[in-house]
Amino acid sequence: MKTVRVLATIAIALVLQTTLARFLVRGTAGVDLVLVAVAYLGLTLGPAAGIVSGTIAGLAQDSLGSGIIGVGGLAKTVVGFLAGIVGTTFIVAQTIPRFLVFFGATLLQVAITVGLYFLLDPQPPAVGPYGVLGESVANALLGVVLFQIVDAVPGVLDRRRSLSRGRMR
């Protein structure tokens with residue numbers, strides 16, 4: 001069941017990233033839905049799931065892009081693992097800690113990606129500090145909202161079931 005959840009979350013994030021993100025932020029890399037999904041899976045399922053989801057999601061995203069294959073995979077693997085460590089070591093059940101985890105995950109992913117491109121590519125991509133800050137805030141807000149929605153769904157479904165049972169009696 002955990003494997004299905006990981007693969008489904010990654011697939012949904014990839015589909016949304018490739019289809020909707022260009023419309024939402026006018027073609028710029030303002031939100032990384034795949035990174036949010038990897039950090040979410042690491043936080044909720046632990047470091048092993050973070051490693052697996054980061055590797056799969058990063059390599060899939062690399063294969064769909066035009067950069068060096070493996071750079072995003074490595075960056076997202078590290079982020080997924082560290083998010084899993086943070087999720088199992090600390091209590092990350094409130095909004096501010098979750099925001100900080102997603103914010104830090106974005107900063108770490110950008111640092112690893114830019115660092116690897118600097119080492120491997122003679123012309124690394126130019127990354128502005130305001131763009132990174134904006135993406136970090138956007139990813140953190142999206143991650144917090146995702147957590148709120150996922151946390152609320154079981155309660156809504158339980159209330160709906162209890163209401164429907166009450167009507168049948």
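Bear in mind these aren't lab numbers, they're just calculated from the coordinates by the rules spelled out. Here the structure is a predicted model, which is why all the values come from computation and not from measurement. Here the Cβ positions follow ideal geometry from the backbone for every residue, glycine too, while neighbour counts run over all protein chains shown.
On full extension, the segment bounded by T88 and Q148 gains 19.7 nm, given 0.36 nm per residue less the C-alpha separation. Computed per residue of the chain from DSSP H runs no shorter than four, each worth -39500 (n - 2.57), the mean residue ellipticity at 222 nm is -28000 deg cm²/dmol.
Against the main long axis of the alpha-carbon atoms of the chain, helix 71-89 sits at an angle near 40°.
For segment 10-169, the convex hull drawn through the C-alpha positions has a volume of 131 cubic angstrom per residue. Between segment 54-95 and segment 100-124, the C-alpha centres lie 12 angstrom from each other. Projecting the Cα atoms of L33, L116, G58 onto the charge dipole of the chain (Cβ charges, centred on the Cα centre) puts L33 farthest toward the positive pole.
Checking every one of the chymotrypsin sites (Phe, Trp or Tyr not before Pro) in segment 85-117 against DSSP loop status and a limit of 11 other Cβ atoms within 10 Å picks out F90.
Footprinting exposure proxy ranking of R160, R5, fewest other C-beta atoms within 10 angstrom first, gives R160, R5.
Under the criterion of Cα pairs below 8 Å and six or more residues apart, the relative contact order for the chain equals 21 percent.
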